[in-house]
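Participant: Sharing a structure with you now.
The values are calculated or read from the model by the stated rules, or taken from the named source; none is laboratory data. These numbers come from a predicted model, not from an experiment. Here the Cβ positions follow ideal geometry from the backbone for every residue, glycine too, while neighbour counts run over all protein chains shown. Each accessible area value is taken on the protein alone, full model and side chains, heavy atoms only, with ligands, DNA and RNA left out. Shrake-Rupley method; radii C 1.70, N 1.55, O 1.52, S 1.80 Å.
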Amino acid sequence: MKRHFYLIGCLSLLFCFLMVSGHEAAAQKRKPAKKSSKKKGKSSADGGEEDGASSEHHAPIKHDGSGINVKFAPGFLWNTAGLEFEFPINNKMSFGVNVFGKLGTTDSKKNNAMQKYEESFMKNGYLAEVALKYYFTGEAPAGFYGYLNAGYGNLLYGDGTIKPYSMIVRPREFKQPNVAVPFAELKPYRGSLGVGYQFIMPTRHLVANLNGGAIVGFDDDGTIFSLYLAPSIGIIF
């Protein structure tokens, strides 16, 4: 339940960020609009030479940097934090590298006592991914996009999930006297597919991202399939 509230809180913060960014962008557009009206008055006397300059002031604000960005992905209720590095390839595609690290167990002491042994989810974990994004709207790295990730690591949590913000799909089973049945051995390979939206705030060089989709992993029992929704926020250069 705490994780659901945590996710809602992160999404709320991301929504507030987008609202503030939208108001600031609108304010930036309004300021030059006043100047353009004055120039327009002069242009009537000069034969309309300033009309082009006036229309330029109404153009949408765009990021004019390299587009390279670094985002922080919080997952503190999972004892996890991540960094996402994104590099635009062209106007529609970008390449990324994501790294996540977990410190120790995310299970309660009561659940740990039920194990009677030490499992991999009780240890430190990591996940490294390469990501490919295609932007359907806007220009990379801003707009609505689809993505494909391929990862390698041992990231595993006490609820059976293999990435923060994931839906639980492998509930624990117990046997008498109330001892948890161990998870099957986890394979290091995993991948994910989904969609997301990335918003840039050029005046402050900030970027906010929200993506979600399906993640697939493998263990000795077969395929692990789950859904997830995750936010991140960072700096764009």
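Participant: So, in Å, what gap is there between the alpha-carbon centers of the stretch 76-99 and the stretch 115-179?
Facilitator: One Cα centre to the other: 15 Å.
Participant: Another question, if that's okay. Please list 3J(HN,Hα) in residue order for the stretch 91-104, calculated via the Karplus relation 6.51 cos²θ - 1.76 cosθ + 1.60 where θ = phi - 60°; whole Hz, with x for glycine and proline.
Facilitator: With coefficients 6.51, -1.76 and 1.60, one gets 5, 10, 10, 9, 10, x, 10, 10, 10, 10, x, 10, 10, x Hz.
Participant: Turning to a different aspect of this structure: Modelled label-to-label distance, A150 and F72, 7 Å Cα→beta-carbon offset: nm?
Facilitator: About 3.1 nm, to one decimal.
Participant: Rounded to the nearest whole Å², what accessible area per residue is found for the stretch 69-236 with the 1.4 Å probe?
Facilitator: About 48 Å² of surface per residue is accessible.
Participant: Okay, moving on. Could I get the Rg over Rh figure for the stretch 69-236? Both from C-alpha atoms, Rh via Kirkwood, rounded to two places.
Facilitator: Here the Rg-to-Rh quotient is 1.04.
Participant: Still on this structure: Would you pull out the residues with amide H under 5 Å of G158's amide H, same chain only if 5 or more places away, H placed 1.01 Å from N?
Facilitator: T106, D107
Participant: Ok, one more. Taking θ = phi - 60°, what integer Hz values does the Karplus form 6.51 cos²θ - 1.76 cosθ + 1.60 yield along the stretch 209-224, in sequence order, with x for Gly and Pro?
Facilitator: 9, 9, 9, x, x, 10, 10, 10, x, 9, 9, 5, 8, x, 9, 9
Participant: Turning to a different aspect of this structure: Output wanted: per-residue J couplings in Hz (rounded whole) for the stretch 130-142, from phi through Karplus 6.51 cos²θ - 1.76 cosθ + 1.60, θ = phi - 60°, x for Gly and Pro.
Facilitator: Per-residue couplings from phi come out as 10, 10, 10, 10, 10, 8, 6, 10, x, 10, 4, x, 10 Hz.
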